[in-house]
Amino acid sequence: MNVSIVGTGYVGLVSGVCLAEMGHDVTCVDIDQTKVDKINQGSPPIYEAGLGELLNKNIHQGLKATTDLRAAVLETELSIIAVGTPFDGKEIDLRFIETVASQIGTVLKEKADYHVVVVKSTVVPGTTDTVVLPILETASGKKAGESFGVGMNPEFLKEGEAIKDFMAPDRIVLGGLDAKTLSVLRTLYQVFEGVDKLETNCKNDEMIKYTANSLLATMISFSNEIGNLCALTGDVDAAEVMKGVHLDKRLTPILANRERIVPSFTTYLEAGCGFGGSCFPKDVKALKAYGEKRQSPMPLLGAVLDVNASQPFKMIELVNKHFSSLEGVRVAVLGLAFKPGTDDIRESPAIPVTQELLKLGAIVNAYDPIAQHEAQQVLGNEGIQYADTLATAITDAQAILIMTRWSEFRQIPKLIGQQDTQPVVIDGRRMLNKSSVANYDGIGL
Ligand code: NAD
């Protein structure tokens, strides 16, 4: 099938590369010429495990990138919209979606064949039917369902595991205005045999995505609230408490042979220094705003956001416990990406924590195996150094703050074991054994 994907960010590029790998002919469209050039050279503009190999294998073998949206729409039978949908401070910002819908609509004016337009971006319920569809009709002067189709297909990939998630999805959720649109979408995904596919209306599709993300964010903030209470209780450790909670067989079912299944969602039921990224924060905010606009206040989601906004600063409270002042204290901030396996620093808890440390006069040595360059664009160079290796970052540090669960950080006990003075290690992800270093502290402890 000939497919165009508009927006080649984390979702668009991964989707494009994977659909090409599955045998489709894919044209990735972006307004960013640098990104397009890099993709055409086989060099991914973002970091995602396995993306480089797959891109290299497929580029110019059924996969290409361009800034020419018109040509891409004319040459393909299906266009997938995967541009960003940020939160503008009050509600979801549909500016990029509206622009792309209008641009595609203008091309449809000159296209005789039936073309399907599918929204993959995360959008609030009603966006596909009441924003995208009318824009396409106005710009094309044609009628949806007659001359072109409109559909919705939310994306559930996780950054850091995006290729795996796309190639072996847990579900494919589809919605379409008419039978023809649904049939095109079924053909697109027919290569994903055996995967649960849910066909429903576009509004349900849109709501499914927000509900799924809000549930996971709620589990994280719930665990963090419990963790904060544990920390103040004395002789209570949130990590132990959550281990006991996970043993509930409704969370981790026991098979007949007594083997226990540990679903990955239990990782969302652990205390830490907060969630970040380009999805959870903005999606929870957008859903809350959407509910309020429809006279359905969402106090629970408000609390999820409040807990999360203050959670990174628990790291500052913890480091403050160990020093009378942070003026001149050498602090290693480890992990700048919002999670391991990505270079995405959007809403990463490491950013406000580093800024606060600098404000308090600490001398910061920051390190991330992948996201260093991206973080440097935001944090600058004033009062902060960027280490090339983990070992350099922690040399001479008086305090070490673990902000991201990169597996490389498991070497910290071994590395500091060789040092003369022992820094305090403040574990924002509770990933180290607390007796593995001389001076350990962490969230929920
Ligand atoms: P992103 O910011 O990484 O990428 C968006 C891309 O769209 C950019 O490359 C930008 O240059 C391009 N773009 C903007 N306007 C354009 C235009 N007019 N024409 C062509 N290209 C244009 O965004 P993302 O993280 O990939 O997210 C995209 C959507 O997918 C969002 O709605 C997001 O909520 C959703 N989503 C993201 C993830 C994730 O993990 N990042 C997961 C699931 C869903």
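The values are calculated or read from the model by the stated rules, or taken from the named source; none is laboratory data. Worth saying up front: this structure is predicted, and the values here are computed from it rather than measured. Cβ atoms come from the backbone with ideal geometry, glycine included; neighbour counts cover every protein chain shown. These area figures cover heavy atoms from the full protein model, side chains too; ligands, DNA and RNA do not enter into them. Shrake-Rupley method; radii C 1.70, N 1.55, O 1.52, S 1.80 Å.
The residues of the range 178-192 that are free of Cβ contacts under 8 Å to residues at least 60 places away in the same chain, in a helix (DSSP H, G or I) and open to solvent by less than 50 Å² (accessible area, probe 1.4 Å), listed by number, are 182, 189.
Among the residues of the range 69-94, the one identified as over 24 Å from residue 305 (Cα atoms) and either among the basic types (Lys, Arg) or modelled with pLDDT under 95 (or both) is 70. Looking at residue 122 and the list (1) within 21 Å of the chain's Cα centre (by Cα); (2) among the polar types (S, T, N, Q); (3) away from the ligand (no atom under 12 Å from the Cβ), which single condition is not satisfied? Going through the list (1) within 21 Å of the chain's Cα centre (by Cα); (2) among the polar types (S, T, N, Q); (3) away from the ligand (no atom under 12 Å from the Cβ), residue 122 breaks only (3). Taking the listed residues 55, 13, the one that is at pLDDT 95 or above, assigned to a helix (DSSP H, G or I), under 23 Å from the mean Cα position of the chain (by Cα) and near the ligand (Cβ under 10 Å from one of its atoms) is 13, with no other qualifying. For the range 390-445, taking the residues that are of a type in the set (Gly, Ala, Ser) and open to solvent by 20 Å² or more (accessible area, probe 1.4 Å), the one that is farthest from residue 161 (Cα to Cα) is identified as 438. Filter the range 258-290 down to the residues that are in a loop (DSSP other than H, G, I, E, B) and without any contact (Cβ under 8 Å) to a residue 24 or more places away in the chain, then identify the one that is farthest from the chain's Cα centre (by Cα). By that ranking, first place goes to 258.
Can you tell me which residue is farthest from the chain's Cα centre (by Cα) among those in the range 202-257 that are among the hydroxyl-bearing types (Ser, Thr, Tyr) and open to solvent by 40 Å² or more (accessible area, probe 1.4 Å)? The extreme case among them is 233. Residue 159 meets the conditions (1) surrounded by fewer than 22 Cβ atoms within 10 Å (Cβ to Cβ); (2) touching a residue at least 60 places away in the same chain (Cβ under 8 Å); (3) of a type in the set (D, E, K, R) in every case but one. The failed one is (1).
A count restricted to the range 50-105 and to residues that are surrounded by fewer than 16 Cβ atoms within 10 Å (Cβ to Cβ) and of a type in the set (Val, Ile, Thr) stands at 2. In a residue-by-residue description of the range 23-41, the property of being on the phi < 0 side of the Ramachandran plot, in contact with a Gly (Cβ under 6 Å, 6 or more places away or on another chain) and of a type in the set (Asp, Glu) applies to at least one position.
Of all the criteria given as (1) touching a residue at least 40 places away in the same chain (Cβ under 8 Å); (2) away from the ligand (no atom under 12 Å from the Cβ), the one not satisfied by residue 65 is (2).
Within the range 281-293, does at least one residue satisfy the condition of being within 16 Å of the ligand (Cβ to nearest atom), in the same structural domain as residue 391 (by TED's automatic domain parsing), open to solvent by less than 60 Å² (accessible area, probe 1.4 Å) and over 28 Å from residue 250 (Cα atoms)? For the range 281-293, residues within 16 Å of the ligand (Cβ to nearest atom), in the same structural domain as residue 391 (by TED's automatic domain parsing), open to solvent by less than 60 Å² (accessible area, probe 1.4 Å) and over 28 Å from residue 250 (Cα atoms): absent.
Please verify whether the range 186-205 includes one or more residues that are under 22 Å from residue 7 (Cβ atoms) and within 16 Å of the ligand (Cβ to nearest atom). Scanning the range 186-205 turns up at least one residue that is under 22 Å from residue 7 (Cβ atoms) and within 16 Å of the ligand (Cβ to nearest atom). Flag not set for residue 318, criterion: over 30 Å from residue 44 (Cα atoms), in contact with a Leu (Cβ under 8 Å, 6 or more places away or on another chain) and open to solvent by less than 30 Å² (accessible area, probe 1.4 Å).
In this structure, residue 17 qualifies as open to solvent by less than 10 Å² (accessible area, probe 1.4 Å), in contact with a Leu (Cβ under 6 Å, 6 or more places away or on another chain) and touching a residue at least 24 places away in the same chain (Cβ under 8 Å). Would you call residue 236 among the aliphatic types (A, V, I, L, M), modelled with pLDDT of 95 or more and either assigned to a helix (DSSP H, G or I) or closer than 25 Å to residue 85 by Cα (or both)? Answer is no for this residue. Of all residues in the range 41-48, none are more than 15 Å from the ligand (Cβ to nearest atom), assigned to a strand (DSSP E or B) and buried (at least 17 other Cβ atoms within 10 Å of the Cβ). Of the residues making up the range 357-378, those that are within 20 Å of residue 46 (Cα to Cα) and either open to solvent by less than 20 Å² (accessible area, probe 1.4 Å) or in contact with a Leu (Cβ under 6 Å, 6 or more places away or on another chain) (or both) number 4.
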